[in-house]
Amino acid sequence: MASNKNNIKIHEHIKVVPPSSSTQTTTTTPLTFFDIIWLRFHPAERIYFYTLHDPHSHPSFFFQEIVPNLKSSLSLTLQHFLPLAGKIVWPSDSSKPFIQFDPSDDDIGVSLHIVESDADFNHVIGNSPHEASLSRSFIPHLESSDSFFASIISLQITFFPNCGFSIGITAHHGVFDGKSLSMFIKAWAYLCNKIIGLETPTLLPELEPLFNTDIIIGTNENNLIKILSKIFPSEKGNERSLKIFPYEPKLEDSLRATFKLTRADLDKIKQDVLSKWEIFNPNESKPQTLSSFTLTCAHSLVCIAKSIHEVEQEKEKFAFAFAIDCRARLETPLPNNYFGNCVLASFINTQPIDFINEDGVFVVAKCIYEKIKMINKKGIFEESIFDLFDKYRTLNNEGYETFGVAGSNKLGAYKNNFGYGRPEKVELVSIDKDLSIGFGDSGDGDGEVEIGLVLNKHVMNTFSTLFLEGLCVN
């Protein structure tokens with residue numbers, strides 16, 4: 001758990017369980033098509049960093065006041081999110097895996113580590129490039145096995161004496177997408193604020209999760225073994241395994257950094273894109289506006305591709321796939337409080353070298369815009385999930401670097417206040433396992449967004465220059 005510049009002291013490791021009044025019977029929650037396709041992908045890993053000021057930053061206050069509040073409110077939160085205190089299981093007599101909460105199981109509950117770090121807190125939360133491995137000290141491991149079970153969520157609270165603390169979360173992708181994980185964190189933060197002075201605070205209606213998977217209709221593929229064998233062809237014959245497929249983080253010679261785009265920056269990118277739209281497509285009406293997602297991805301990914309190409313000249317073929325929230329796009333739209341996965345991925349239609357061409361930002365932005373427009377018109381199932389994974393394997397075999405994106409600027413990550421202020425920094429750690437950008441809102445507000453990156457140190461240096469140069473007014 002420790003890096004060469006960060007010593008970790010473990011204070012406690014416990015299982016937090018819901019209040020006993022809510023754990024009288026065994027409950028099962030089916031997994032849907034949307035859950036199964038992510039069943040063995042690497043977990044989502046996030047860290048929320050919080051600054052503490054005197055007297056809250058002293059060890060005595062932290063361990064005697066803050067930690068007990070976090071534990072108690074977590075237990076109350078699990079009362080509303082009961083399946084999360086259980087496990088994913090796939091019994092031999094079942095055709096499908098499911099979530100099971102069994103009160104007779106001695107190992108129920110959410111794993112919680114309480115640790116202390118001697119790392120420089122200001123260095124850890126800094127936006128400037130720093131060693132990518134450092135963040136891995138502040139997230140916990142998530143257990144999974146070939147034939148028995150998979151844990152659903154694991155948590156780590158790390159104390160930085162006289163400075164602050166962090167909450168690290170490792171969440172199973174077969175249960176959570178970004179929106180569901182965000183709902184859980186919001187509920188925990190809300191109850192942590194309310195628990196002081198109230199023994200049994202109530203949860204806001206919009207934070208009450210809906211675990212009813214029967215309401216999902218419109219998915220045609222129900223052969224789960226077929227789905228898993230298609231996604232993981234190398235695991236043929238072992239499709240029932242619950243072991244998370246090994247995705248090792250790329251940490252050697254890698255740096256992690258955070259970059260921000262202000263509203264003015266986004267407007268600059270938008271005007272550049274729209275002006276070229278008129279030049280390259282004079283007979284086609286340009287869009288009235290472009291989303292922050294489209295503008296951020298186009299600018300960032302082109303800068304990454306050009307940086308990789310500059311460092312490694314032989315790499316000049318790139319592709320981009322992004323996740324689509326399907327909740328409002330199903331035949332019967334899901335309620336906002338539906339809990340579970342409801343995302344699919346899609347590739348944009350670019351040429352291999354579009355990302356490194358002179359007009360790359362315009363081309364990529366146009367392709368993202370058109371792909372979203374097509375999905376909104378034709379529906380989310382216009383493209384087969386099998387075709388998606390076949391395409392990914394083909395591109396990989398042909399030497400493409402495939403970009404991804406994690407997170408959203410609509411989740412309000414910087415609003416999660418556990419009673420001691422809003423986060424100083426929110427970090428998506430798991431982007432170090434592939435070539436993804438961490439995309440989210442900014443703590444500064446006013447429509448700003450931020451991206452997190454983990455890149456080879458030479459690529460990062462070039463990227464930093466290109467990213468800022470592209471925002472300069474000509």
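What to note about this one:
- Ranking by accessible area, most exposed first, for CYS326, CYS367, CYS163, CYS472 with a 1.4 Å probe: CYS472, CYS163, CYS367, CYS326
- The residues of region 353-474 expose on average 46 square angstrom of accessible surface per residue, using a 1.4 Å probe on protein heavy atoms.
- Based on Cα contacts under 8 Å between residues 6+ apart, the chain shows a relative contact order of 21 percent.
- Exceedance of the 22 Å cut-off in Cα-Cα distance is limited, within the set LYS315/LYS457; LYS306/LYS433; LYS226/LYS433, to LYS226/LYS433.
- Computed in the context of the full set of protein chains, the accessible area of region 320-379 at 1.4 Å probe radius has 49% of its extent on carbon or sulfur.
- The fraction of accessible area contributed by carbon and sulfur in region 412-451 is 37 percent, rounded to a whole number (1.4 Å probe; ligands and nucleic acids excluded).
- For percent of Cα pairs over 30 Å apart, the value calculated from this model appears in (1) 52; (2) 64; (3) 47 under label (3).
- For LYS317, net neighbour charge (Lys/Arg +1, Asp/Glu -1) across residues whose Cβ lies under 9 Å away: -2
- Net charge of neighbours whose Cβ lies under 15 Å from the Cβ of GLU278, counting Lys and Arg as +1 and Asp and Glu as -1: +1
- Cα centroid separation - region 395-474 against region 318-353, whole Å: 19 Å
- Pairs with C-alpha atoms separated by more than 26 Å, drawn from the list LYS194/LYS410; LYS96/LYS230; LYS377/LYS425; LYS260/LYS366, are LYS377/LYS425.
- Peptides 422-434, 243-255, 82-94 ranked from most to least packed give 422-434, 82-94, 243-255, packing being the mean of other C-beta atoms within 10 angstrom over each peptide's residues.
- Neighbourhood net charge (13 Å Cβ-Cβ; Lys/Arg +1, Asp/Glu -1) for PHE160: -2
- Translational diffusion coefficient of region 70-143 (Stokes-Einstein, Kirkwood radius from Cα pairs, 10 °C, 1.306 mPa s): 101 µm²/s.
The values are calculated or read from the model by the stated rules, or taken from the named source; none is laboratory data. Predicted model, so just to flag it, every value in this text is computed and none were measured. We place every Cβ from the backbone using ideal geometry, glycine too, and count neighbours over all the protein chains shown. Each accessible area value is taken on the protein alone, full model and side chains, heavy atoms only, with ligands, DNA and RNA left out. Shrake-Rupley method; radii C 1.70, N 1.55, O 1.52, S 1.80 Å.
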